[in-house]
Each structure stands twice: as C-alpha cells, then as structure tokens.
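A short write-up of the structure that comes next.
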Amino acid sequence: MALGNPDLKPLASGPAGPAPPQHIAVIMDGNGRWAAARGLPRAAGHRAGAQAVRRTIEAVMEAGVTWLTLYAFSSENWRRPADEVLELTGLLRHYIRQELAELSRQGVRVRVLGDRTRFEPETRAELDRAERATLGNTRMNLNMALSYGARDEIAAAARAAAQAAADGTLDPAALTVEKFERFLSTAGMPDPDLVIRTSGERRLSNFLLWQSAYAELIFLDVLWPDFGQAEFNGALAEFARRERRFGARPA
Ligand code: IPE
Ligand code: IPE
Ligand code: MG
C-alpha cells in the first residue's frame, strides 16, 4: 500500500457489511492488572504483554490487514514511577532487538509514532534502526505509538502549519483537512477502521484522536496479556456486523 495513495478514503458499508479493515489500531491495556491477579510484579505483566504483541502481529498479518498501530506507551505514561518506566523502555529495546530480524523477514515495515526524543539515546537508536532496517518492506505496516499523545501530535501539526504560513509556503485560508493531515505523524496513512481497547476501560486515553474520527470502537474486557487469536477473530466478527455510515444515510 503506497503512502499518499488518494484512494485510501473510507468506504461506507454495503449490504454485505463494511469493507474489511485496512488499518487496525490497538490500545494494549491491562498488563498491570493481569500481573496483580497473579500476585506478580507489574513488570511480569508487561513481559506477558510483549508475547501478546507477537501473537497479534501474526494474526493481523494472516488476516491480510496491511496497517497495524499499537499503542505501547503514551505521553502520559511518563508519569509512572521511574522503575516502571525503566522496565518498559528496557523491554522495548529488548523486544526490538529480538524481533527486528523476524519482522523484517516477514516483510513488515516498522514506524514509530510519538516523541522519541524523550527516550534515552540507546532506545532512540534502536527505534531509528528498526525504521531504517525495514524501510523497503511492503507486506505490512506496523506503527508503534511510543511516547505518543494525540494532543501533542495535533499541536505539533498546528505549529508546523503555522510555520509554513509564516514562511509563505502555505496560504492559511487554503488549509483544508487534507492539507492539515500532511503535518500529522500519520501523513499518507489510511485512518484506522477499527480501534480495539482491552482491559475493560472505555476511553481513548489520548490515542489517534484525529485519525479515529470514524473508526469503529471495540472495547474488550480481556486483559492485554490474554489477548490472542480468538479475541482477534471475535473483534473482526464484531466489526463485520457494524454499519459504517460516515454521516451518510443508512444503505
Ligand atoms: C498497558 O498496561 C501498558 C501500558 C500502558 C504501558 P497497564 O500497565 O496500563 O496495565 P493496567 O491498566 O494498570 O492494568
Ligand atoms: C493507555 O493505557 C496507554 C497504553 C495502553 C499504552 P493507560 O493505562 O495509560 O490509560 P489510562 O491511564 O487508564 O487512561
Ligand atoms: Mg492501563
């Protein structure tokens, strides 16, 4: 799927249900509660969560979905105790080191969404390396939302647009939705069709607020480390029952 493809516009549902999702985004929540339920430290929950990430990428790829965005660390997650932040960033580095070769072999292109400058240099280098190493892959696109916050992203886009206007390369009166989107970190990507959140929480927690304007939302009670093929299939089946209208009249 080429970036910037103008055909990536949402299709309304037909009589046979909506077009299959092109982009699935997941808020991977509930690692801490999974660990607590077992009397384990939160770190054990995060490690089990990393296994669920592997399973999910496999399942998504097998389903032929070409875009997957995983919310792994929010801009607000920096508020957690230092030891948990350290644990999470360490796990992230470990995960990338361990998985990069296999992801690349499977044709996955990795991109990072979020403010990577907040990570220490070693982690940043790992993220850069993952993006560089998979640059030419086209089978599936994996976005890792790390130190990501939608409000930060939209504010940064507004800053960039204002700068372009100040530089004289953008006419403020001509700033349309389409032009504004080019300043977002998801420029050229299809919007998520489906956002799944695990752990029973029913909120977006600052995830892809702009891009999810017409996403179908599915909230599952399962905790992220327990998310697997059955839950994924269930979410796809639920998505297929939804009627997407994008504001138009029902079919
Ligand atoms: C999701 O699990 C992982 C991150 C947010 C980094 P949590 O750590 O939020 O787990 P709960 O919500 O406390 O159970
Ligand atoms: C959202 O989960 C962020 C990620 C899953 C990475 P949180 O656990 O941080 O969200 P809140 O605090 O419950 O809203
Ligand atoms: Mg949580």
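The values are calculated or read from the model by the stated rules, or taken from the named source; none is laboratory data. The shown structure was predicted, so the numbers you read here are calculated from the model rather than taken from an experiment. Note that each Cβ is placed from the backbone with ideal geometry, even for glycine, and that neighbours are counted across all protein chains shown. When the accessible area is computed, the model is the full protein with side chains, heavy atoms only, and any ligands, DNA or RNA have been set aside. Shrake-Rupley method; radii C 1.70, N 1.55, O 1.52, S 1.80 Å.
Being at pLDDT 95 or above and closer than 23 Å to Thr66 by Cβ is true for just one of Gln163, Gln211. Which residue is that?
Details: Gln163 fails: closer than 23 Å to Thr66 by Cβ.
Checking each option against the conditions leaves just Gln211.
Please go through the stretch 165-192 and give me each residue that is among the hydrophobic types (A, V, I, L, M, F, W, C) and touching a Phe, Trp or Tyr at 6+ places or on another chain (Cβ under 8 Å), ordered by number.
Scanning the stretch 165-192 gives Leu184, Met189.
Would you check which residues across the stretch 141-179 are assigned to a helix (DSSP H, G or I) and acidic (Asp, Glu) and list them? First the steps, then the outcome.
Here is the first cut: in the stretch 141-179, the residues assigned to a helix (DSSP H, G or I) are 150-167, 172-174, 177-179.
If the condition is that a residue be assigned to a helix (DSSP H, G or I) and acidic (Asp, Glu), then Asp152, Glu153, Asp167, Glu178 are the ones that fit.
Residues to consider are Ala187, Ala240; find the one that is open to solvent by 30 Å² or more (accessible area, probe 1.4 Å), more than 13 Å from ligand 2 (Cβ to nearest atom) and either outside any loop (DSSP other than H, G, I, E, B) or of a type in the set (Asp, Glu) (or both).
Ala240
Hey, can you tell me all the residues within the stretch 84-117 that are in contact with a Ser or Thr (Cβ under 7 Å, 6 or more places away or on another chain) and surrounded by fewer than 15 Cβ atoms within 10 Å (Cβ to Cβ)?
Taking the stretch 84-117 first, the residues in contact with a Ser or Thr (Cβ under 7 Å, 6 or more places away or on another chain) are 89, 92-93, 103-104, 107-110, 113-116.
The answer is Gly107, and nothing else.
I'd like the full set of residues that are touching a residue at least 40 places away in the same chain (Cβ under 8 Å), in a loop (DSSP other than H, G, I, E, B) and touching a helix residue (DSSP H, G or I) at 6+ places or on another chain (Cβ under 7 Å), limited to the stretch 190-237.
Thr198, Ser199, Asn206, Phe207, Leu208, Leu209, Trp210, Val222, Leu223, Phe227, Gly228
Quick check on Arg47: is it within 16 Å of ligand 3 (Cβ to nearest atom), assigned to a helix (DSSP H, G or I), surrounded by 14 or more Cβ atoms within 10 Å (Cβ to Cβ) and of a type in the set (Lys, Arg)?
Considered against the rule, which asks whether it is within 16 Å of ligand 3 (Cβ to nearest atom), assigned to a helix (DSSP H, G or I), surrounded by 14 or more Cβ atoms within 10 Å (Cβ to Cβ) and of a type in the set (Lys, Arg), Arg47 comes out as yes.
Write out, first by first residue and then by second, each pair whose Cβ atoms fall under 7 Å of each other, whose residues are 6+ apart or on separate chains, and whose first residue, in the stretch 105-117, is modelled with pLDDT of 95 or more and of a type in the set (Gly, Ala, Ser) while the second is open to solvent by less than 50 Å² (accessible area, probe 1.4 Å) and part of a loop (DSSP other than H, G, I, E, B).
Partner pairs satisfying both residue conditions: Gly107/Asn137.
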